[in-house]
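Some notes on the structure that comes next.
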Amino acid sequence: MTGNALFEPYTLGALTLSNRIVMAPLTRNRAGAGFVPGDIAAKYYSQRATAGLIISEGAQISQQGQGYQDTPGIYTQAQIDGWRKVTDAVHSKGGHIFLQLWHVGRVSHVDLQPNGQAPVAPSAIKPETKVFVNNSFADVSEPRALEFDEIPGIVADFRRAAANAIAAGFDGVEVHGANGYLLEQFAKDGSNTRTDAYGGSVEHRARMILEVTAAVAAEVGAERTGVRISPVNGVTSTDPQAQFNYIAEKLGQMGIAYLHVVESATGGSQEVVPFSYADLRAKFGNTYIANNGYDVERAVSRLTQGAADLFSFGRPFIANPDLVERLKTAVPLAEVNPATIYGGGAEGYTDYPSIAAVSCA
Ligand code: 8OZ
């Protein structure tokens with residue numbers, strides 16, 4: 001596999017990525033008190049710095065934006081200081097890292113919300129899903145619909161969080177518009193029954209993600225702004241192609257750095273749901289990051305076809321800190337221990353060895 005374009009540099013805005021392999025955002029629930037990423041997070045990310053680009057785990061933009069215990073935030077000075085150790089550690093190894101900006105919307109629990117309030121959503125529709133809170137899985141709490149005049153405050157929270165990310169030394173930010181969280185809840189009609197300017201038509205349901213992205217791009221620069229979407233994952237939608245073609249086209253017009261697409265359903269077959277990612281890519285027109293169950297053969301084949309520019313890998317990066325080297329040299333991948341993905345300490349986080357360590361043992 002050596003010598004193919006997957007392992008050659010790629011220009012993303014002002015950055016030169018050393019290869020086309022991206023570490024996808026991965027929630028690991030190991031933040032410390034005050035939802036501050038600890039020294040252990042700096043070690044974890046720096047171990048993975050040979051990725052062309054790292055996208056951090058989701059960081060909530062506010063307390064209201066949190067849906068799981070021990071996820072890190074990006075809204076306090078202590079959190080900025082914690083993340084600074086992460087970015088310094090990654091940069092000192094020659095890597096690049098974006099922060100993922102996250103608001104969970106209705107996927108939360110009153111015990112995580114300010115003053116035990118209801119989680120917020122476009123509409124008061126409770127999803128059939130669970131969150132990890134109080135050290136176990138619990139049904140999400142009944143959400144309440146956001147008032148029209150609350151929406152600018154959330155856009156402002158995203159904008160401030162983006163500024164905080166740059167203050168913490170990140171190379172850019174990714175707006176989390178995927179996997180059933182707030183911005184996707186607005187975009188899809190399975191979770192949005194509003195009758196104001198934020199609900200109804202394709203254009204109205206796109207308004208929230210577009211306003212948030214425009215605010216973030218105005219704050220940190222379009223070339224340092226990416227967006228992640230999952231047209232057929234997360235919330236159900238009756239018109240995903242029309243909805244996300246429209247969003248992709250508008251995001252393309254903003255000149256943002258990349259569109260990061262969860263293709264098909266997470267963990268599911270790539271073929272089940274009909275959707276044209278080629279259309280989406282054409283509408284967007286800039287760097288397209290493909291995600292979901294890729295292996296090196298599929299990535300090479302899609303790259304050769306011109307179907308994507310970069311490829312993100314999630315779970316394989318958990319147990320393979322040197323994933324790029326392993327893919328390049330066709331070394332078998334280590335398996336993830338599912339018991340240590342979410343929460344805990346160093347075990348299953350920073351103790352997966354690189355090949356060099358394995359071969360010296
Ligand atoms: C797994 C567990 C908790 C959160 C996502 C942020 O799916 C997540 C997530 C994944 O985007």
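Based on what the data block shows, is Leu333 in contact with a Leu (Cβ under 8 Å, 6 or more places away or on another chain) and assigned to a helix (DSSP H, G or I)? Don't jump to the end; show me each part of the working.
On the way: in contact with a Leu (Cβ under 8 Å, 6 or more places away or on another chain): yes; assigned to a helix (DSSP H, G or I): no.
No: the conditions fail for Leu333.
Conditions tested, residue by residue: (1) part of a strand (DSSP E or B); (2) at pLDDT 95 or above; (3) hydrophobic (A, V, I, L, M, F, W, C); (4) under 17 Å from Ala214 (Cα atoms).
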{"position": "Ile151", "(1), (2), (3), (4)": "no, yes, yes, yes"}
{"position": "Asn164", "(1), (2), (3), (4)": "no, yes, no, yes"}
{"position": "Val173", "(1), (2), (3), (4)": "yes, yes, yes, yes"}
{"position": "His176", "(1), (2), (3), (4)": "yes, yes, no, yes"}
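Which residues, taken from region 112-134, are closer than 27 Å to Gly344 by Cβ, outside any loop (DSSP other than H, G, I, E, B) and either within 14 Å of the ligand (Cβ to nearest atom) or touching a strand residue (DSSP E or B) at 6+ places or on another chain (Cβ under 7 Å) (or both)?
Leu112, Lys130, Val131, Phe132, Val133
Which number in (1) away from the ligand (no atom under 16 Å from the Cβ); (2) over 24 Å from Val120 (Cβ atoms); (3) surrounded by fewer than 21 Cβ atoms within 10 Å (Cβ to Cβ) marks the one condition that Leu12 misses?
All conditions pass for Leu12, except number (3).
Going by what's in this entry, would Glu184 be described as more than 12 Å from the ligand (Cβ to nearest atom) and acidic (Asp, Glu)?
So Glu184 fails the test.
Name the residue, out of Gly34, Gly67, Gly52, Gly38, that is within 16 Å of the ligand (Cβ to nearest atom), of a type in the set (Gly, Ala, Ser) and either at pLDDT 95 or above or within 20 Å of Val212 (Cα to Cα) (or both).
Values: Gly34 fails: within 16 Å of the ligand (Cβ to nearest atom); Gly52 fails: within 16 Å of the ligand (Cβ to nearest atom); Gly38 fails: within 16 Å of the ligand (Cβ to nearest atom).
After applying the criteria, what remains is Gly67.
Considering only residues of region 15-27 that are surrounded by fewer than 23 Cβ atoms within 10 Å (Cβ to Cβ) and of a type outside the set (A, V, I, L, M, F, W, C), which is nearest to the ligand (Cβ to nearest atom)? Give the derivation first.
Our first condition is that a residue be surrounded by fewer than 23 Cβ atoms within 10 Å (Cβ to Cβ); within region 15-27, this holds for 15-19, 26-27.
If we keep only those that are of a type outside the set (A, V, I, L, M, F, W, C) as well, we get 16, 18-19, 27.
Numbers: Thr16: 28, Ser18: 26, Asn19: 24, Thr27: 4 Å.
This residue is Thr27.
Can you give me the ranges of the helices (runs of 4 or more DSSP H) entirely in region 219-305 with at least 2 residues that are acidic (Asp, Glu) and buried (at least 19 other Cβ atoms within 10 Å of the Cβ)? Don't jump to the end; show me each part of the working.
On the way: elements: 240-254, 277-284, 296-305.
Helices (runs of 4 or more DSSP H) meeting the threshold: none at all.
The values are calculated or read from the model by the stated rules, or taken from the named source; none is laboratory data. Computed from a predicted structure; not experimentally measured. Note that each Cβ is placed from the backbone with ideal geometry, even for glycine, and that neighbours are counted across all protein chains shown.
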